[in-house]
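The values are calculated or read from the model by the stated rules, or taken from the named source; none is laboratory data. Please read all numbers here as calculations on a predicted model, not as lab measurements. Neighbour counts are summed over all protein chains in view; Cβ atoms, including those assigned to glycine, are modelled from backbone coordinates with ideal geometry. SASA here: full protein model, heavy atoms, side chains in, ligands and nucleic acids out. Shrake-Rupley method; radii C 1.70, N 1.55, O 1.52, S 1.80 Å.
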Amino acid sequence: MNTPLIEFKNITKRFGEQTVLDQVNLQIYEGEVTTIIGLSGSGKSVLLKHVLGLLRPDSGQILVEGQDIVAMGEAELTEVRKKYGVCFQDSALFDSMSVGENVGFPFTIHTDLTREQIAAEVSSLLREVGLAGIEAKMPAQLSGGMRKRVGLARALALSPKVLLFDEPTTGLDPVMTSAINTLIKQVQTRTGATSLVISHDIKGAFTLADYMALLYDGKIAFYGTPEDFRTTPDPLVRQFVEGRLTGPINPIQ
């Protein structure tokens, strides 16, 4: 394979006595979708926060295009973050702003576009996620699925090189879950962005991923293609993927 766009090298993170990430190694390759799956509380979102520089590891490196962001100051990190589009688990919309203002916020902060130009960009982004014409609505007026799509539109605002998704289908019904996964795949295919998806939605992971990683007990317990996950006899993967846990999950020793 080519050089990874993002690489975790021996990342360890502790909170008090609890080791959440334990010597994690993972490579994210350009133009591909990598989905990290795992049990609730397994450290998936903690790993994502490290990519954003919101958390610093106790040890290890995180290379983004070959640069170690762990060693960076805040000003350098800000430049790296401009490469990211982030969809948070709860959409993280500003409740006091309209949909149009929410989607246009990255343009307002990071560009010199005029109000009319921003409005045109917002309109185009909302059409892309199937929400044309709702600029004037407030977040409180939206359903959960609509909020997720507005969050995706905002994440796409600056044509990011990397898309980061934190549990994009949490709290949605099966129909809307499928619709959001399909939309994410369509967006990734169109933009060619590198995507990292944190999820416990196994069906969605199989739909989206070029590569999948199972995070368990602070480590990457299994890594491979969706087909590798479907066919491996590894009991840890089988229990998790098939949802047939009847006792403690035990990986191959």
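The figure for D22 is an accessible area of roughly 50 square angstrom, using a 1.4 Å probe on the protein chains alone. When S195, S96 are compared by accessible area at a 1.4 angstrom probe, the order from most to least is S96, S195. Here's how it looks for L163: its modeled amide H is under 5 Å from those of G85, T194, S195, L196, which are all 5 or more places away or on a different chain. The Cα-based radius of gyration and maximum Cα-Cα distance (Dmax) for the stretch 1-141 are 18.1, 53 Å. Look at where the Cα atoms of the stretch 1-59 and of the stretch 167-243 average out, and the two centres are 16 Å apart. With the largest listed first and rounded to whole Å, the semi-axes of the equivalent ellipsoid of the chain from the Cα gyration tensor are 31, 22, 16. Our coupling estimate for the stretch 154-161, obtained by passing each phi through the Karplus curve with A = 6.51, B = -1.76, C = 1.60 and θ = phi - 60°, is 5, 5, 8, 3, 9, 6, x, 7 Hz, Gly and Pro reported as x.
Ordering Q89, S40, I62 by Cα displacement along the dipole of the stretch 1-138 toward the positive end leaves S40 in first place; charges were set at the Cβ atoms of Lys, Arg (+1) and Asp, Glu (-1).
In this Cβ point-charge picture (+1 for Lys and Arg, -1 for Asp and Glu), the chain has a dipole of about 360 debye about its Cα centre. K9 exposes around 70 Å² of accessible area when a 1.4 Å probe is run over every protein chain in place.
Annotation: Cα Rg of the stretch 92-227 relative to the compact-globule expectation 2.2 N^0.38 Å equals 1.12.
The alpha-carbon atoms of the stretch 119-169 define a convex hull whose volume equals 78 cubic angstrom per residue.
Database remark: amide H of I36 closer than 5 angstrom to the amide H of V197, I198, S199, A213 (H placed geometrically; neighbours at sequence offset of 5 or more, or on other chains; Pro and chain starts carry no H). For the stretch 61-159, dividing the convex hull volume of the Cα atoms by the residue count gives 113 Å³ per residue.
Over 22 Å apart at the Cα level, from the set K148/K203; K13/K185; K82/K137; K161/K203; K83/K137, are K13/K185; K82/K137; K161/K203; K83/K137. Can you tell me, using C-alpha contacts under 8 Å and at least 6 residues apart, the relative contact order of the stretch 1-80 as a whole percent? Computed value for the stretch 1-80: 35 percent relative contact order. At q = 0.17 Å⁻¹, work out log10 I(q)/I(0) for the stretch 149-253 with the Debye formula, treating every Cα as an identical point scatterer and leaving solvent out; two decimals please. The calculated log intensity ratios at q = 0.17 Å⁻¹ are -0.85. Volume per residue of the convex hull around the Cα atoms, evaluated for the stretch 18-82, comes out as 104 Å³. Packing order of peptides 112-118, 184-190, highest average first: 184-190, 112-118 (average count of other Cβ atoms within 10 Å over each peptide's residues).
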